[in-house]
1. With the requirement that a residue be within 15 Å of the ligand (Cβ to nearest atom) and surrounded by 14 or more Cβ atoms within 10 Å (Cβ to Cβ), what does the range 216-229 give you?
2. Being within 19 Å of I24 (Cβ to Cβ) and within 12 Å of the ligand (Cβ to nearest atom), is that true of even one residue in the range 187-197?
3. Check K46, K79, K26, K88 and return the single one that is loosely packed, with under 12 Cβ neighbours inside 10 Å, basic (K, R) and within 39 Å of the chain's Cα centre (by Cα).
4. Residues to consider are E27, E91, E101; find the one that is closer than 30 Å to Y182 by Cα and charged (D, E, K, R).
5. Within the range 206-215, how many residues turn out to be over 13 Å from I232 (Cβ atoms) and either within 8 Å of the ligand (Cβ to nearest atom) or touching a strand residue (DSSP E or B) at 6+ places or on another chain (Cβ under 8 Å) (or both)?
6. Which residue pairs have Cβ atoms closer than 7 Å, lie 6 or more positions apart in sequence or on different chains, and pair a first residue in the range 194-206 that is polar (S, T, N, Q) with a second residue that is more than 8 Å from the ligand (Cβ to nearest atom)?
7. Using the structure shown, decide if I232 is surrounded by fewer than 16 Cβ atoms within 10 Å (Cβ to Cβ), of a type in the set (A, V, I, L, M) and within 13 Å of the ligand (Cβ to nearest atom).
Amino acid sequence: MALTKEALQSLVALQEKDSALDSIQKEIDAVPPRLAALEADLASEKRLLDAAKAKILELEKKKKSKELDVAAKEEAARKHAGQLNDLKSNEAYKVMQAEIEKEKAAVGDIETEILQIMEQIDAARIEEKAAVVEFNKTNEFSKKDREKLEAELSHAQGRHATAKAERDATAAPVPPELMRIYDHIRSRGKPDAIVPVIDGHCGSCQINISPSMAAEVAKQKALVNCDSCQRILYKPEKAASAA
Ligand SMILES: [Zn+2]
C-alpha cells in the first residue's frame with residue numbers, strides 16, 4: 001500500500017502511546033489476583049479458627065455425655081443399694097453387691113475419662129487462642145494490603161483513562177488501512193508492530209534487510225513488512241529528522 005512519511009510517523013507515535021497504555025493495563029490486571037491471594041490467606045486462617053472452635057464444642061459434648069453416664073451409673077448403684085435389704089437369699093445379696101461394685105467401678109473409670117477430656121479441652125482452648133491471634137493478625141495485614149492495592153488500582157485506572165484519551169487522539173491521523181494492519185500485527189502477540197531498521201537489520205527479529213528493501217523503507221512511500229516477522233519497518237533517522 002502507498003504510504004506517506006506523516007502516516008508512518010503517526011503510527012510510530014501511536015505505538016508509543018499503546019505501549020504506555022499496555023503497561024498501565026498490566027498493572028491493572030495484576031491487582032485482582034493479588035486481592036484474591038489475600039482473600040485466600042484469610043479464608044485459610046478462618047478455617048483453622050473454625051476447626052479449633054468445633055473441636056472444643058465436640059469435646060464439651062463428649063464430656064456432657066460422660067457426665068450423664070456417671071449420673072446414670074450412680075443412680076443405678078444407689079437404687080440397687082436400697083434394694084439390698086429386701087433381698088431374701090444370701091446368694092441374691094452377693095449378686096446385687098457385685099453389681100453395685102461394678103457400677104461404682106464404672107463411675108470411677110468414666111470420671112477418669114472426663115478428666116482426660118477436660119485436659120483435651122484446655123489444650124484445644126490454647127489452640128483456639130493461638131488461631132484467634134493468627135486470624136486477627138492476618139486480617140489486619142490483609143486489610144492494609146487490600147486498601148493499598150485498591151488505591152493502586154484506582155490510581156492506575158485514572159492514569160489509564162488519561163493515557164487512553166491521549167492514545168485515541170494520536171490514533172486519529174493514522175490512515176484506517178494502515179491502522180488495520182497495525183492492529184492485526186498487534187493482535188498476533190506482537191505489540192511492537194512497527195520497528196526501526198537498525199544497521200540493516202529488522203529492529204525486532206534481527207534478520208538482514210536487503211539493500212533494495214532498506215531503500216524502500218528509506219523512501220517512506222510504501223508499506224514495507226519484515227519478510228521474517230511481518231512487522232512494519234521504518235527508518236528511524238528519517239522519521240526523527242522529519243519530525
Ligand atoms: Zn523482523
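The values are calculated or read from the model by the stated rules, or taken from the named source; none is laboratory data. What you are looking at is a predicted structure, and each value in this text was computed from that prediction instead of being measured. When we count neighbours, we look across all protein chains shown, and the Cβ atoms used for this are built from the backbone with ideal geometry, even at glycine.
1. Those that are within 15 Å of the ligand (Cβ to nearest atom) and surrounded by 14 or more Cβ atoms within 10 Å (Cβ to Cβ): E216, V217, L223, V224, N225, C226, D227, C229.
2. Within the range 187-197 (the criterion being within 19 Å of I24 (Cβ to Cβ) and within 12 Å of the ligand (Cβ to nearest atom)), the answer is yes, since at least one residue qualifies.
3. Working: K46 fails: loosely packed, with under 12 Cβ neighbours inside 10 Å; K79 fails: within 39 Å of the chain's Cα centre (by Cα); K88 fails: within 39 Å of the chain's Cα centre (by Cα).
Going through K46, K79, K26, K88 in turn, just one is loosely packed, with under 12 Cβ neighbours inside 10 Å, basic (K, R) and within 39 Å of the chain's Cα centre (by Cα): K26.
4. The conditions single out E27.
5. 4
6. Pairs that qualify, where the first residue is polar (S, T, N, Q) and the partner is more than 8 Å from the ligand (Cβ to nearest atom), are S204/D192.
7. Here the answer is no, as I232 does not meet what is asked.
Condition check ((1) part of a helix (DSSP H, G or I); (2) assigned by TED's automatic domain parsing to the domain that holds P33; (3) more than 29 Å from the chain's Cα centre (by Cα); (4) over 28 Å from S23 (Cα atoms)) across all residues:
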{"position": "V133", "(1), (2), (3), (4)": "yes, yes, no, yes"}
{"position": "K144", "(1), (2), (3), (4)": "yes, yes, no, no"}
{"position": "L149", "(1), (2), (3), (4)": "yes, yes, no, no"}
{"position": "G158", "(1), (2), (3), (4)": "yes, yes, no, no"}
{"position": "I185", "(1), (2), (3), (4)": "yes, no, yes, no"}
{"position": "V197", "(1), (2), (3), (4)": "no, no, yes, no"}
{"position": "S212", "(1), (2), (3), (4)": "yes, no, yes, yes"}
{"position": "L233", "(1), (2), (3), (4)": "no, no, yes, no"}
